[in-house]
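The values are calculated or read from the model by the stated rules, or taken from the named source; none is laboratory data. Worth saying up front: this structure is predicted, and the values here are computed from it rather than measured. Positions of Cβ are generated from backbone atoms using ideal geometry, with glycine treated the same way; all protein chains shown enter the neighbour counts. Ligands, DNA and RNA are stripped out before the accessible areas are found, and what is left, the full protein with its side chains, is counted by its heavy atoms. Shrake-Rupley method; radii C 1.70, N 1.55, O 1.52, S 1.80 Å.
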Amino acid sequence: MMMQSKRAGWWLLRKAKAKLSLNTDRNLSSSQHLILDNPNLNQVLVEGNGFSRMAILNRPSALNALNTNMAATLHKLYRSWEEDPDIGFVMLKGSGRAFAAGGDIVALYHLINKGNLEACKEFFRTAYSFMYLIGTYLKPHVALLNGITMGGGAGISIPGTFRVATDKTIFATPEVLIGFHPDAAASFYLSHLPGQLGEYLALTGEKLNGVEMVACGLATHYSSSARLPLIEEQLGKLVTDDPSVIETTLEQYGEIVHLDSSSVLQRIEVLDKCFCHDTVEEIVDAMENAASETNDAWCISTLNKLKEASPLSLKVALRSIREGRFQTLDQCLLREYRMTLQAIHRQISGDFCEV
């Protein structure tokens, strides 16, 4: 019952935020004009007929890391499906052992070192534009998060209607560990998590499993990975554009989750106490005090993660999450884009470009 209540709260929040943004221009990127005969089209596959479509991220050797071509292709497909009255809802999954591990950081690194900043900017514009489309999509959206779901992978799924986590799901926003900031809509969805959990995840880059994602609201449903083919089959039989019908199917074939006693969500009280402070320095001091007083392994581990991260990234991430708590999805993405431009231009620090 508790999980259902949290799930309902997250659904209402997402719908409310989407309504706030529906009148905003959804074309944050100029890449929608790219046609689908791109030679890299096989990086996004399409399945389905009847009343639904399934987009499949298909770069398994790169853990389905997103590039400009993939984001532009997805954007064009999704816009065409949204306008097609014969398509009721859309699904998204990844091939191999990942949903999507984020943006293609290796490619971005090489572009920055070659001085090709325009290509970097185009990637972020295109990716963020697609994330905004997901968050304001006019048809139900189901993301199957079976595997690694980090950074941009979370950005193209969490703003959507339904997110199905599994026993193979690994979620994280590890950007501070590479001298960057939690982007791809992270300042929006992390800032709306219970208590100070968003600050904790943003500042430590810590991982959550599928059960924890459902428990805190990042995912809406849970299934063992072995049952996903059955869920896909049942969803494919639906002739509907009604999210309540889709949710009934997901509930019928999903599973109830139970948090492990070692989960960080079982430590939410001490987490809130330490991460509620106004500055990074105060948060670190609070964790140091907690670690020295209790000699608790989790406190010590959390403290070490804070000390391993880029000091500037920690400050930027904390402010970003705090500002995101009072902003809509489009406002968060636009702010994150400006912050990203500063990072790739090394206007304040070269941490991201040097990692």
D285, D272, ranked by accessible area, largest first (probe 1.4 Å): D285, D272
Relative packing of peptides 289-302, 210-223 - highest average C-beta neighbours within 10 Å first: 210-223, 289-302
Convex hull volume per residue in cubic angstrom - Cα atoms of the chain: 127
Solvent-accessible surface (1.4 angstrom probe) belonging to K307, in square angstrom, nearest 10: 120
Most mobile of E281, E323, E199 in a GNM of the chain (Cα contacts under 10 Å): E281
Approximate shape of the stretch 228-267 as ellipsoid semi-axes (Cα gyration tensor, √5λ), whole Å, largest first: 30, 12, 7
Peptides ranked, highest mean first, by Cβ atoms within 10 Å: ranges 187-196, 103-112, 51-60, 81-90: 187-196, 51-60, 103-112, 81-90
Where the stretch 44-353 is the region considered: accessible area per residue in Å², 1.4 Å probe: 38
Dipole magnitude of the stretch 229-340, debye to nearest 20 (Cβ charges: Lys/Arg +1, Asp/Glu -1, about Cα centre): 520
Kyte-Doolittle at least 0.0, axis length at least 15 Å by Cα - qualifying DSSP helices, the chain: 117-135, 311-324, 329-344
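What number, in percent, do you get for the relative contact order of the stretch 129-220 if the mean sequence gap of Cα pairs under 8 Å and at least 6 apart is divided by its residue count?
With pairs under 8 Å counted, the relative contact order is 30 percent.
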Helix-only [θ]222 nm of the chain, DSSP H runs n ≥ 4, -39500 (n - 2.57) each, per residue, nearest 500: -15000 deg cm²/dmol
Cα shape, the stretch 306-348, gyration tensor, a/c 1.5 rule: oblate
Cα-only radius of gyration and Dmax that characterise the stretch 201-355, units Å: 20.0, 58
Fraction of antiparallel bridges per DSSP, the chain only, in percent to nearest 5: 20
Listed residue pairs exceeding 30 Å between alpha carbons, taken from K121/K168; K139/K305; K76/K237; K93/K121: K121/K168; K139/K305
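Summing +1 for each Lys or Arg and -1 for each Asp or Glu, what net charge is found among the other residues whose Cβ lies under 13 Å from the Cβ of E232?
Local net charge: +2.
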